[in-house]
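The values are calculated or read from the model by the stated rules, or taken from the named source; none is laboratory data. What you are looking at is a predicted structure, and each value in this text was computed from that prediction instead of being measured. As a convention, Cβ positions derive from the backbone with ideal geometry for all residues, glycine included, and neighbour counts pool all protein chains shown. With ligands, DNA and RNA removed, areas are computed over all heavy atoms of the protein, side chains included. Shrake-Rupley method; radii C 1.70, N 1.55, O 1.52, S 1.80 Å.
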Amino acid sequence: MADDLWTRVDDYTVAALHDSDPVLEAALAAAKEANLPPIQVSAAQGKFLGLLTQVIGARRVLELGTLGGYSTIWIARALPETGRLVTLEISAEHAAVARTNIERAGLSGRVEIRLGPALDSMAALAEEGIDPFDLVFVDADKPLVADYFEACLPLVRTGSVILVDNVVRQGQVADASSEDANVIGVRRLFEKLKGDKRVEATALQTVGQKGHDGFLMAVVA
Ligand code: SAH
Ligand code: DHB
Ligand code: MG
């Protein structure tokens, strides 16, 4: 199975290139203990998100979909001391696990978890006139991903990066006849971006321990 090979390569990558990380290990263990679905980004993807945060020089990050705070920790760590990450989560149970994990990581001062449907929280952020975010990581429910993208735009500036997870879905994104609500949602995003001059975007396929998926990256014009 290709997936076994991809997992072996992920294991090799992490063993070679990542330091051992008790805080992230504890975050994963706490998420498992609380029976959260094991759908967080892989370690390699998490480190990639942190490195992306660093190369952008991001100071303000918005995340949609906190789960147990695993991606949150990777990103928040890459922020400067005075940086800020707002992460949106609909599940109080997930947010509680994330809060403990973020505290253990010593990142509570930089991270704000907002509980509720992401679209409502984003409308509230816009209403508050919050300073624009430099990076948005879109990783909540997939059927609404095109709406999330639209709701991001008032919260960013020219040059901001919007990174969307899970846009390939084992290749199903290329299947116009798919009846999977997640695939239909992701395809709506691609259709929306066709000829859309507000951003410059591409999608990059990924393989690894999470199978065949991908990130869509958009830079705001
Ligand atoms: N970013 C996390 C994984 C997120 S999984 C990581 O990589 O570590 C997706 C999360 O989105 C789940 O916790 C789920 O509860 C949350 N979610 C689902 N629908 C949502 C909505 N409408 N608004 C906000 N969060 C939502
Ligand atoms: C699912 C969600 C994710 O964010 C992910 O990375 C993988 C799977 C899901 O809802 O199945
Ligand atoms: Mg995801």
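Phi angles of segment 179-184 translate, via the Karplus equation with coefficients 6.51, -1.76, 1.60 and θ = phi - 60°, into HN-Hα couplings of 10, 6, 4, 5, 5, 4 Hz per residue; Gly and Pro are given as x.
Residues whose amide H lies under 5 Å from that of residue 136, counting only those 5 or more places away or on a different chain, are 62, 161, 162, 163; hydrogens are built 1.01 Å from N in the peptide plane.
A quarter of the convex hull surface defined by the alpha-carbon atoms of segment 109-172 gives 5.3 nm² as the mean projection. Using a 10 angstrom cutoff on alpha carbons, build the Gaussian network for the chain and name the most mobile of 85, 62, 153. Evaluated over the chain, the most mobile residue of the options is 153.
Using a Gaussian network model of the chain with C-alpha springs under 10 Å, which one of 181, 118, 105 is most mobile by mean-square fluctuation? So, out of 181, 118, 105, the one fluctuating most is 181.
Residues whose amide H falls under 5 Å from that of residue 111, counting only those 5 or more places apart or on a different chain, are 85, with hydrogens built in the peptide plane.
Taking amide H as placed 1.01 Å from N in the peptide plane, the amide H of residue 21 sits under 5 Å from none that are at least 5 places away or on another chain.
With a/c under 1.5 counting as rounded, go ahead and sort the chain into rounded, prolate or oblate using the C-alpha gyration tensor (a ≥ b ≥ c being the square roots of the eigenvalues; past the cut-off, prolate if a/b is larger than b/c, else oblate). Note, shape of the chain comes out rounded. Of all the options 33, 112, 103, the one that moves most in a Gaussian network model of the chain with Cα springs shorter than 10 angstrom is 33. The simple Förster model, with R0 at 35 Å and r as the Cβ-Cβ distance, assigns residue 120 and residue 17 a FRET efficiency of 0.35. Of the solvent-accessible surface of segment 76-221, computed with a 1.4 Å probe over protein heavy atoms with every protein chain present, carbon and sulfur atoms account for 52 percent. How would you classify segment 35-74 from its alpha-carbon gyration tensor, with a ≥ b ≥ c the square roots of the eigenvalues: rounded for a/c under 1.5, else prolate if a/b is greater than b/c, otherwise oblate? Oblate shape, in that a/c is at least 1.5 and b/c is the bigger or equal ratio. From the alpha carbon centroid of segment 1-36 to that of segment 67-144 is 22 Å.
Please label the shape of segment 69-137 as rounded, prolate or oblate, based on the square roots a ≥ b ≥ c of the eigenvalues of the alpha-carbon gyration tensor (a/c under 1.5 means rounded; beyond that, a/b larger than b/c means prolate, else oblate). It is oblate, given that a/c is not under 1.5 and a/b is not larger than b/c. Working note: Karplus 6.51/-1.76/1.60 with θ = phi - 60° gives segment 96-110 the couplings 5, 5, 4, 4, 4, 5, 6, 5, 4, 7, x, 10, 4, x, 9 Hz, where Gly and Pro are set to x. Whole-Hz Karplus values for segment 70-87 come out as 5, 5, 4, 5, 4, 6, 4, 4, 7, 7, x, 3, 8, x, 9, 10, 9, 10 Hz, taken residue by residue from phi with 6.51 cos²θ - 1.76 cosθ + 1.60 and θ = phi - 60°; glycine and proline positions read x.
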